[in-house]
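Peer 1: One structure, pasted below without further comment.
The values are calculated or read from the model by the stated rules, or taken from the named source; none is laboratory data. In this text the structure is predicted, and so the values were computed from the model without any measurement. We place every Cβ from the backbone using ideal geometry, glycine too, and count neighbours over all the protein chains shown. Note: areas computed on protein heavy atoms with side chains; ligands, DNA, RNA excluded. Shrake-Rupley method; radii C 1.70, N 1.55, O 1.52, S 1.80 Å.
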Amino acid sequence: MTIDYNYIQVVVDTAALAGNFRLMQAAGGNCMAVVKSDAYGHGLYEAAAAFARAGADTMAVGTVGEALKLRAMPYDGRIVVLLGVASPEECQAAHAQGIVPFVGRFEQLRMMAAAASPHAPAAVALKFDTGMARLGFTEAQVPEVVETLRGLEGRVRPVLAASHLAVADEAGEDAEAFTLAQGAAFGRIVAALREAGFPVRGTLANSAGTLAYPGLRFDMQRPGIALYGANPLHGTDKAALGAGLRPTMRVGAPVLQVHALAKGTPIHYGRTFVAKRDMTVAIIGAGYADCVSRGLSSAGQRIRAWCEVRGLRAPLVGRVCMQMSALDVTDVPGVSAGDLAYILGGEGDTPIAAEELAAWWGTITYEAFCLLGMNPRTYV
Ligand SMILES: *Cc1c(COP(=O)(O)O)cnc(C)c1O
């Protein structure tokens with residue numbers, strides 16, 4: 001057994017990662033696997049290997065640095081870089097290693113051209129803003145993009161055109177109209193590029209778009225969160241479309257000590273929670289330094305979050321400390337030091353769902369995965 005610097009244990013299920021990729025591919029056609037930010041905390045290499053085994057031929061990372069790590073794995077398939085290129089060095093590295101950056105401004109096109117040659121053109125993905133207002137050329141700039149590409153005399157070869165959906169995971173007519181308008185704009189952009197002699201493949205849909213908007217699939221989908229088992233349509237009337245996605249991460253922490261907390265006794269910093277009956281509490285070895293947010297602390301007597309221990313749910317009481325937290329295990333028989341309490345997932349009948357944890361935390365599943373995944377991980 002290894003002795004890590006902290007007690008929290010993150011276990012990633014690679015079979016579930018592979019299964020989720022196959023499910024998305026079956027549901028939504030040709031998919032790349034989005035593995036940015038250390039595969040949403042699941043581990044870049046391990047997740048990419050699982051998706052590649054499941055048939056993924058393209059990985060999407062955030063930065064050129066992440067792409068270079070993936071190449072060195074070694075991973076020989078296609079890699080696209082969602083945040084693009086920021087310097088001539090990044091352009092050279094990307095071109096030399098066959099990495100395809102998203103480019104959404106003219107200077108990036110010129111930088112990529114400078115790193116390439118007519119004999120060895122640099123492949124890029126043209127990024128367009130159709131409503132996200134983040135990165136990309138606008139639809140109105142398409143003629144200028146075409147002119148610029150022509151002026152670069154074949155040194156830059158656009159292989160993909162991309163845009164990103166802002167509200168595909170939201171319910172309601174307004175969100176649907178906005179998403180369809182993004183799709184229509186993107187359709188016009190792809191058509192104009194092809195018309196101009198650039199045979200790009202189109203990629204628009206994220207996880208929610210892939211599941212909920214079959215009409216917006218173009219040539220390749222870009223699911224991320226669904227591969228990690230969270231349902232992007234959770235809480236909407238389309239949630240059933242994400243059924244079958246399996247949890248890929250569970251996070252546990254060992255019980256360090258169990259003790260009685262007599263009625264009327266306060267617990268932890270601030271003495272915010274006071275036992276209203278004779279209680280038993282379990283101190284677990286995870287706190288905010290392990291990315292278990294202090295925001296999960298009980299608000300006085302009001303419970304905000306639960307863990308699963310011995311197959312049952314136990315509320316978090318008092319403030320989450322730096323490396324420890326307290327659970328009320330009065331109603332969970334037999335809890336003792338060494339038991340594992342699950343902050344996410346679990347092995348009993350009431351595992352903590354990522355969507356639940358995110359709601360208690362006041363965030364989204366993405367952030368919970370990225371943060372909890374910074375801890376030491378093991379793979380099954
Ligand atoms: C993160 C990201 C995705 C994946 O989105 P999910 O909601 O996780 O499916 C796709 N495309 C771009 C540009 C992204 O940044």
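Peer 1: For the stretch 66-123, compute the orientation-averaged projected area of the C-alpha convex hull (one quarter of its surface), in nm².
Peer 2: Numbers: hull surface 14.9 nm².
The number I arrive at for the stretch 66-123 is 3.7 nm².
Peer 1: Let me ask another. Mind ranking 111, 374, 24, 322 by accessible surface for me, highest first, 1.4 Å probe?
Peer 2: Largest to smallest exposure gives the sequence 374, 322, 111, 24.
Peer 1: Follow-up question, since we're still on this one. Say R0 is 22 Å: what FRET efficiency, to the nearest 0.05, do residue 57 and residue 2 get from their beta-carbon distance?
Peer 2: 0.05
Peer 1: Just to be sure I understand: of the beta bridges DSSP finds with both ends in the chain, what percent are antiparallel, rounded to 5?
Peer 2: Once the DSSP bridges in the chain are tallied, antiparallel ones form about 55 percent.
Peer 1: Packing-wise, with mean Cβ within 10 Å as the measure, how do 38-45, 248-255 rank, highest first?
Peer 2: Highest to lowest by the protection proxy: 248-255, 38-45.
Peer 1: Take the Cα atoms of the stretch 55-195, build their convex hull, and give its volume per residue in Å³.
Peer 2: Looking at the stretch 55-195, the number lands at 122 Å³ per residue.
Peer 1: In Å, what is the Rg of the alpha-carbon atoms in the stretch 144-220, and how long is Dmax?
Peer 2: Cα radius of gyration and Dmax of the stretch 144-220 are 14.2, 46 Å respectively.
Peer 1: Under the Kirkwood approximation applied to all pairs of distinct alpha-carbon atoms, what is the hydrodynamic radius of the chain in Å?
Peer 2: The Cα-based Kirkwood calculation yields 22.5 Å.
Peer 1: To continue, here is another question. Can you give the percent of C-alpha pairs in the stretch 240-380 whose distance is more than 18 Å?
Peer 2: Numbers: 5205 of 9870 pairs.
The calculated P(r) of the stretch 240-380 puts 53 percent of pairs beyond 18 Å.
Peer 1: If you take the beta carbon distance between residue 120 and residue 379 as r and set R0 to 41 Å, what does 1/(1 + (r/R0)^6) give as a FRET efficiency, to the nearest 0.05? Mind showing how you got there, number by number?
Peer 2: Details: r = 38 Å, r/R0 = 0.92.
FRET efficiency, residue 120 to residue 379: 0.60.
Peer 1: Can I ask one more? I want the local charge near residue 297. Using Cβ-Cβ distances under 11 Å, sum +1 for each Lys or Arg and -1 for each Asp or Glu among the other residues.
Peer 2: So the environment of residue 297 carries a net charge of +4.
Peer 1: Could you tell me the extents of the stretch 1-68's C-alpha atoms along the three principal axes, largest first, rounded to whole Å?
Peer 2: Principal-axis extents of the Cα atoms in the stretch 1-68, largest first: 43, 27, 15 Å.
Peer 1: Taking every pair of alpha-carbon atoms in the stretch 94-140, give the share separated by more than 15 Å as a whole percent.
Peer 2: 45
Peer 1: How big is the gap, in Å, between the Cα center of the stretch 178-256 and the Cα center of the stretch 46-101?
Peer 2: That distance is 20 Å.
Peer 1: If I take the Cα coordinates of the stretch 262-321 and project them onto the principal axes, what are the three extents in Å, biggest first?
Peer 2: 30, 29, 18
Peer 1: State the Kirkwood hydrodynamic radius of the stretch 1-116 in Å, one decimal place, computed from all pairs of distinct Cα atoms. Write out the running numbers ahead of the final one.
Peer 2: Values: mean 1/r = 0.0656 Å⁻¹.
Result for the stretch 1-116, one decimal place: 15.3 Å.
Peer 1: Also: Accessible area of the chain with a 1.4 Å probe: how many percent of it is carbon plus sulfur?
Peer 2: Exposed carbon and sulfur together represent 54 percent of the surface.
Peer 1: Per residue, how big is the convex hull of the stretch 193-273 when only Cα atoms are used? Give it in Å³.
Peer 2: 220
Peer 1: Can you work out the accessible area per residue across the chain, with the rest of the protein chains kept in place, probe 1.4 Å, in square angstrom?
Peer 2: Numbers: 16100 Å² over 380 residues.
Averaged over the residues of the chain, the accessible area is 42 Å².
Peer 1: On to the next question. Say R0 is 25 Å: what FRET efficiency, to the nearest 0.05, do residue 139 and residue 177 get from their beta-carbon distance?
Peer 2: With a Förster radius of 25 Å, E is 0.90.
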